[in-house]
Structures are given as C-alpha cells and as structure tokens.
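Structure, as structure tokens:
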Amino acid sequence: NAGVMQNPRHLVRRRGQEARLRCSPMKGHSHVYWYRQLPEEGLKFMVYLQKENIIDESGMPKERFSAEFPKEGPSILRIQQVVRGDSAAYFCASSPSGQETQYFGPGTRLLVL
Amino acid sequence: SQQGEEDPQALSIQEGENATMNCSYKTSINNLQWYRQNSGRGLVHLILIRSNEREKHSGRLRVTLDTSKKSSSLLITASRAADTASYFCATDAVGTDKLIFGTGTRLQVFP
C-alpha cells in the first residue's frame, strides 16, 4: 500500500514563473490537505480538499495560490508568479475521512531564485 | 495565531535517557497527534490521542493529554541516537479538520 506521493521532490523556479506541485493521496483516502513549512518552523495549514471540492482554504494566500483535487488524478497546488518568499517545503497529507490521522507525503521543496 | 506551543524548543540528551516534550494549545480539540520529522524529510505519524483519552502508549512512546490544562506531553523512554529529530504536536480543533502544528522540539540524542 503506497503512501502519499508527491512530485516533484525538488523544484527550482525563477521569480515570476509558475510552480505546480502534485500530490497523490493514499489509496482509499478522499481527503487531502496542503501545508507549508518555512525553515526552522512548524507546518502551517493552507487548504483542505475533498474530491472536486475545496472544504477549507483559510490558510491559502488570496492571490497567486490555487488548489484543486479533480475527480481523476492527483491534487495540484499551483503557485503563479512565484516570489522568493514562496521558497519553502510544501507537504501534502491525506486521510480517509475528517478528524482522523493525516498521513504525510515526503514534501516538495520549492526554491525560487 | 499558532495553536500549539512546544517546550522545550531544543533538547540534548545521552542515549538511554528519557526525553520529555510538552505541547500547549488554545482551543477545544477533537484529538492531538504527535509527528516526527528528520532533517529535510517528511513527517512520520507517531501517535494520536483523542480528547476523551488521558494516556496512550506505543512502544517506547507515552503520550498524555490534559484537556483541562490544554496540554500534552510526549515521553520517549530509553532514547537512541536514531530518535534524533524534530517532534511536533498537532491539534485538530473542534469544528475543523485541519491540523494546527506547534513550533516543534528539536531533540538531539548523543551516543
């Protein structure tokens, strides 16, 4: 039973480019969460999705960031016109339902030059 | 503001000693989870304790939860060098499904 998969593991972008981060939840999990971790800090919640629905995006910046979890395929976190401050590790987690253990992927480390 | 605050921020011990980390939070919760993160890696789930539970064990780990004080502790007994990592508590507040993470405790176990 494969765990949560994220790709790419490392992503380098220049300022102004777009970054697309992908997350495939564990088999049987329909709840996906995205978190961001800055160096030496804890994880900060960004967005919570179920298939085709955004449930809670209270942690998502209002501009440039968007997330989706289509009926088929992985969840995508998209960052448009990246800036240096977007450099961080982005983690995806999944669970079979709400209020249960969230299992984390290995993360995507984004570096904006 | 961040839900969880962890204490201490950093802890250094010798192999074989016990390590205790504490976590405080602010609002009512459904459950509290502890995770481990090795440097530059993802998070590994250690243990989940529900709001109606007071203590839970898993191998060398012992977690307590005091909802009246809004605090939890993680005890690692007979520590090993391989336990060196950052440890985070995360709460699942009532009415939400998102996790709010603490700032973490960086544990260093010397052989």
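Of everything in the range B:18-35 that is surrounded by fewer than 19 Cβ atoms within 10 Å (Cβ to Cβ) and under 15 Å from B:Leu61 (Cβ atoms), the residue that is nearest to the chain's Cα centre (by Cα) is B:Asn22. Selection within the range B:32-50: residues that are farther than 13 Å from A:Ala89 by Cα and among the basic types (Lys, Arg). The member of this set that is modelled with the highest pLDDT is B:Arg36. Specify the residue that is farthest from B:Gln37 (Cα to Cα); the eligible residues are those in the range B:101-111 that are away from chain A (no Cβ under 14 Å) and part of a strand (DSSP E or B). In this case the residue turns out to be B:Phe110.
In the range B:67-100, the residue that is modelled with the highest pLDDT out of those that are among the aliphatic types (A, V, I, L, M) and under 22 Å from A:Gly59 (Cα atoms) is B:Ala90.
All of A:Arg109, A:Arg78 fail the test of being more than 9 Å from chain B (Cβ to nearest Cβ), of a type outside the set (Phe, Trp, Tyr) and more than 15 Å from A:Val4 (Cα to Cα), apart from A:Arg78.
Restrict the check to the range A:69-77 and report whether at least one residue is out of contact with any strand residue (DSSP E or B) (no Cβ under 8 Å at 6 or more places or on another chain), farther than 26 Å from B:Arg50 by Cα, touching a residue at least 24 places away in the same chain (Cβ under 8 Å) and not polar (S, T, N, Q). Looking for residues that are out of contact with any strand residue (DSSP E or B) (no Cβ under 8 Å at 6 or more places or on another chain), farther than 26 Å from B:Arg50 by Cα, touching a residue at least 24 places away in the same chain (Cβ under 8 Å) and not polar (S, T, N, Q), one finds none in the range A:69-77, hence no.
Screening the range B:1-100 for strands (runs of 3 or more DSSP E) wholly inside it with 3 or more residues that are without any contact (Cβ under 8 Å) to a residue 40 or more places away in the chain and either more than 24 Å from A:Glu40 (Cβ to Cβ) or polar (S, T, N, Q) (or both) returns the ranges B:43-50, B:55-58, B:61-66. In the range B:74-93, the qualifying residues are those that are among the polar types (S, T, N, Q) and within 14 Å of chain A (Cβ to nearest Cβ), and the one that is surrounded by the most Cβ atoms within 10 Å (Cβ to Cβ) is B:Thr91. Residue pairs whose Cβ atoms lie under 7 Å apart, separated by 6 or more positions or on different chains, with the first residue in the range A:81-99 and in contact (Cβ under 8 Å) with a residue 60 or more places away in the chain and at the interface with another protein chain (Cβ under 8 Å from one of its Cβ atoms) and the second part of a loop (DSSP other than H, G, I, E, B) and charged (D, E, K, R), are A:Gly98/B:Asp97.
The values are calculated or read from the model by the stated rules, or taken from the named source; none is laboratory data. Treat the numbers as computed from the prediction; the structure is a model and nothing was measured. All Cβ positions, glycine included, derive from the backbone under ideal geometry; neighbour counts span all protein chains shown.
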